[in-house]
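Beneath this line is the structure, given in structure tokens, with notes to follow.
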Amino acid sequence: MEKKALDWANIGFLYRSIDKRYVADYKDGAWGEGYLNDNPNVTVNECAGVLQYSQSVFEGLKAYETKDGRIVCFRPDLNAERMYNSALRLEIPPFPKDRFVDAVKQVVKANEAWVPPYGSGATLYIRPYVFGSSPQIGVAPCDQYQFRVFGTPVGPYFKGGAKPVYVCISDFDRAAPRGTGDIKAGLNYAMSMHAIATAHRNGFAENIYLDPATRTKIEETGGANILFVDRDGKLVVPRSDSILPSITRRSLVYVAEHYLGLTVDERPVYWKEVTDNNFVECGLCGTAAVISPIGKINDHGKDFTFESGMETMGPVMTKLRETLLGIQLGEIEAPEGWICTVE
């Protein structure tokens, strides 16, 4: 299929309506048959549960072309599992995992022309989500829901190289202990918007949230997990029950251990370890960038700069990112089950 005539390297990270999206409705206690449609608009009652009580969860993944010309997605089964768990937490009837993967593949297949060509750095970003669609004036779960999957082409996250970012310690809390921090609920991102807007107004690219109970341990940012490299070359990964289980983070941990031979230490990480200069590299990890390097962190006026600096990504983070990207693009052999081909 002929590709859309887009300047793939310069399309940015913006929403563009593409040809088809997937829709399935839940009512009378069961998920109905899903279907592809042409309409990008959603019509719901003014009292729909998603509007009144934010009963909604979502996922994000990418479709792209590999070196050998296949169109693939990266580990969509893990997105399906995470959305299933997120839905249970918000009393949403979970969409079956196998149907989730099938829906993603249907959307990608129906929009092949929107999948950027190999080597462009761009991808087709896929957004599955589910929301309460029936009227709900009392604080209670809805009895009807809609599951949808749409896509939008997005440009390369880094243009001209991955430049380290300047971030700050946030005065706000991201998630409460035993709250919803470990699921991908829309409400988590709504509450982070004031915090990130405040950070931007103060000249920072992102926030780092500390644990709300003691404010001594590093959690994550508003939209990404955090990684460190210590002075012994170990990859240090913060662990907490309120951190979102990032698919990219889990994949990078596997790559570090099994491809690069690194020691990985997953544990609570204390802010004092940063102020004591125990780490030489730091980065954010997520679907869009894979790894975005952090050059320095500001804590209420005092800067803490990593040895990797503000000019380039550190060597360990660079190797991690290049290896995972190579696996995703078919340039390096992938572990079994990681690459889902759309046929």
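The distance separating the Cα centre of segment 208-247 from that of segment 273-314 comes to 12 Å. Calculated translational diffusion coefficient of segment 290-334 (25 °C, 0.890 mPa s; Stokes-Einstein with Kirkwood radius over alpha-carbon pairs) equals 204 µm²/s. Contact order for segment 188-335, expressed relative to its length and based on alpha carbon pairs under 8 Å spaced 6+ residues apart, stands at 19 percent. Among the protein heavy atoms of the chain, carbon and sulfur supply 49% of the accessible surface, probe 1.4 Å, non-protein parts ignored.
Computed over every Cα-Cα pair of segment 211-319 and binned at 5 Å starting from 0, the pair-distance distribution P(r) comes out as 2, 12, 23, 27, 22, 10, 2, 0 percent.
About its Cα centre, segment 45-154 has a charge dipole of approximately 280 debye under the convention of +1 per Lys or Arg Cβ and -1 per Asp or Glu Cβ, with nothing else charged. Normalised by 2.2 N^0.38 Å, where N is the number of residues, the alpha-carbon radius of gyration of segment 1-117 equals 1.20. Note on segment 125-208: Cα-Cα pairs beyond 19 Å make up 63% of the total pair count.
Computed about its Cα centre, the charge dipole of segment 170-302 is approximately 200 debye, with only Lys, Arg, Asp and Glu carrying charge at their Cβ.
In segment 99-131, which residues have a backbone nitrogen under 19 Å from the label point lying 7 Å from Glu33's Cα in the Cα-to-Cβ direction? Those under the cut-off are 99-107, 110.
For the residue pairs Lys3/Lys163; Lys234/Lys296; Lys62/Lys296, the C-alpha atoms sit more than 22 angstrom apart in Lys3/Lys163; Lys62/Lys296. Over the C-alpha trace of segment 90-241, radius of gyration and Dmax come out as 19.1, 56 angstrom. Averaged over its residues, segment 208-343 has an accessible area of 42 Å² per residue, based on protein heavy atoms and a 1.4 Å probe. Look at the dipole of segment 179-300 built from charges on Cβ: of Thr198, Leu235, Val290, the Cα furthest out on the positive end belongs to Thr198. Extension gain for Asn85 to Ala190 (0.36 nm times residue separation, less C-alpha to C-alpha distance): 35.8 nm.
Here the Kirkwood formula puts the hydrodynamic radius of the chain at 21.1 Å, using every distinct Cα pair. Accessible area per residue for segment 129-177, computed on protein heavy atoms with a 1.4 Å probe, is 42 Å². If you put +1 on each Lys and Arg Cβ and -1 on each Asp and Glu Cβ, how big is the dipole of the chain around its Cα centre, in Debye rounded to 20? Taking the Cα centre of the chain as origin, the dipole is about 380 debye.
With each label modelled as a point 7 angstrom along the Cα→C-beta vector, the Tyr15-Glu257 pair spans 3.9 nm.
Note on the chain: GNM, Cα springs under 10 Å; of Asp299, Asp182, Asp38, the largest mean-square fluctuation is that of Asp38. In this structure segment 1-95 gives 53 Å² per residue of accessible area when probed at 1.4 Å with all protein chains present. A simple count of charges around Trp338, restricted to other residues whose Cβ falls under 12 Å of its Cβ and scoring Lys, Arg +1 and Asp, Glu -1, yields -1. Across segment 32-37, coupling constants 3J(HN,Hα) worked out from phi with the 6.51/-1.76/1.60 Karplus curve, θ = phi - 60°, read x, 5, x, 7, 8, 9 Hz, and Gly and Pro carry x.
The values are calculated or read from the model by the stated rules, or taken from the named source; none is laboratory data. Predicted, not measured: the structure shown is a model, and the values here were computed from it. Quick reminder, even Gly has a Cβ in these numbers, built from the backbone with ideal geometry, and neighbours come from all protein chains shown. For accessibility, only protein heavy atoms count, side chains too; no ligands or nucleic acids. Shrake-Rupley method; radii C 1.70, N 1.55, O 1.52, S 1.80 Å.
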